[in-house]
Amino acid sequence: MRTPLIAGNWKMNKTISDAREMVSSLLPMIDSNEAEVVLAPPFTALGAVNDIIRGTKVKLGAQNVFWEESGAYTGEISPRMLVDIGCSYVIIGHSERREYFGETNTSVNKKIVASLKNGLSPILCVGEKIEEREKGKTFDVLEDELGEGLKGLTPEQISKLVIAYEPIWAIGTGKTAKPEEANESHLFIRGWLKDSSGTESSKNIRIIYGGSVTPDNIDGLMAQKDIDGALVGGASLQVEGFARIINYKSPYPSLSPQGRGLR
Ligand code: 13P
């Protein structure tokens, strides 16, 4: 039985005081449903968010990490520093990092290895561009990203990961993948994990979906057998909408278009 995971990736949004306000309002709105919740604020707000979520079921995640332990790497943050500030998760290989900051499958691999070594659970992001989907190359892209990103990892290490399937064409576009379409990719990923790390661990790895998740579409996505949660960008910045995503399946509150994450 996999525990669902709902993670909010705030990307480069919110100051420390915005973050405090958002998290203080969010916590009392979270139902006691089964889902694990992760908040990934920018580095500058990690400490403030950690102070507020301490003792709750909400966990802290970072949006990036470097693979070295310490040293002359101006501007970088090590896995141990993330653990030190309270993180238990770290997002690795997000498509925005691949596109704007030169992240490659090789650097992703190093970051995953270093994070696991320090007890952080990586959330590895994979997903295809629209032209790759149109050419029928979705599974080839996923296979490359998984194969190179997870190179050299033991089945035990792989079992500690979360995989986020984020089709790039669905990120920030309002074009969510159809639940069945997303599930197909999740099934492919699970099949790949089974072949490379054995049945038992592949059954327990959570594969979550990201790309224009909103309070309106979360229930349909979560109803799919192989979708174990969501990695939410824009809609995780609005307190009511994100609370509804976390409390998926709960009675539907009336939300403003903004609260529903519609831009
Ligand atoms: P949106 O939910 O804004 O489409 O972003 C998804 C994402 O990139 C989460 O990591």
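The numbers here are math on the coordinates, done by the rules we state, and not lab data. The structure displayed is predicted, hence computed values, not measured ones. Quick reminder, even Gly has a Cβ in these numbers, built from the backbone with ideal geometry, and neighbours come from all protein chains shown.
In a reduced charge model with +1 at each Lys and Arg Cβ and -1 at each Asp and Glu Cβ, segment 1-85 shows a dipole moment near 140 debye about its Cα centre.
Along its first, second and third principal axes, ordered by size, segment 126-263 spans 47, 32, 22 Å in Cα coordinates. Once the Cα-Cα distance is subtracted from the 0.36 nm per residue extended length, the residue 73 to residue 43 segment shows a gain of 9.2 nm. Calculated FRET efficiency, residue 250 to residue 181, Cβ-Cβ distance, R0 = 22 Å: about 0.30 to the nearest 0.05. In terms of packing, defined here as the mean over residues of other Cβ atoms within 10 angstrom, the peptides 140-147, 160-167, 73-80 line up highest first as 160-167, 140-147, 73-80. Simple rule: put +1 on each Lys or Arg Cβ and -1 on each Asp or Glu Cβ in segment 35-139, find the dipole, and look at 64, 122, 95; the Cα lying farthest toward the positive end is 122.
What is the local net charge at residue 14, summed over the other residues whose Cβ is closer than 13 Å to its Cβ (Lys, Arg +1; Asp, Glu -1)? With Lys, Arg at +1 and Asp, Glu at -1, the net is 0.
Taking amide hydrogens as placed 1.01 Å from N in the peptide plane, the amide H of residue 5 sits under 5 Å from those of 36, 229, 230, each at least 5 positions away in sequence or on another chain. Note on the chain: helix-only mean residue ellipticity at 222 nm, from DSSP H runs of 4+ residues weighted -39500 (n - 2.57) and normalised by residue number, equals -11000 deg cm²/dmol.
Dividing the Cα radius of gyration of the chain by 2.2 N^0.38 Å, with N the residue count, gives 0.94. Which cross-chain or sequence-distant (5 or more) residues have an amide H under 5 Å from the amide H of residue 62, H modelled 1.01 Å from N in plane? The answer is 89, 90, 91.
Here the spin labels are modelled as points 7 Å beyond Cα on the Cα-Cβ line, and at residue 203 and residue 154 they lie 2.2 nm apart. Our note on the geometry: Cα centres of segment 106-176 and segment 1-44, 22 Å apart.
Mean sequence separation of contacting Cα pairs (under 8 Å, at least six apart), scaled by the length of the chain, corresponds to a relative contact order of 19 percent.
Counting only Cβ charges, +1 for Lys and Arg and -1 for Asp and Glu, the dipole size of the chain around its Cα centre is about 420 debye.
Pairs spanning more than 19 Å between alpha-carbon atoms, out of 129/175; 59/249; 203/249; 178/225; 151/178: 59/249; 203/249; 151/178. Between residue 164 and 124, 125, 126, 208, the built amide H atoms are under 5 Å apart, and every one of these is 5 or more places off in sequence or on another chain.
Taking other residues whose beta carbon is less than 11 angstrom from the beta carbon of residue 98, and scoring Lys, Arg as +1 and Asp, Glu as -1, yields -3. Listing 222, 1, 81, 29 from fewest to most neighbouring C-beta atoms within 10 Å gives 1, 29, 81, 222. Positive contributions from Lys and Arg (+1) and negative ones from Asp and Glu (-1), summed over other residues with Cβ under 13 Å from the Cβ of residue 231, come out at -2. Extension gain for residue 219 to residue 88 (0.36 nm times residue separation, less C-alpha to C-alpha distance): 44.5 nm.
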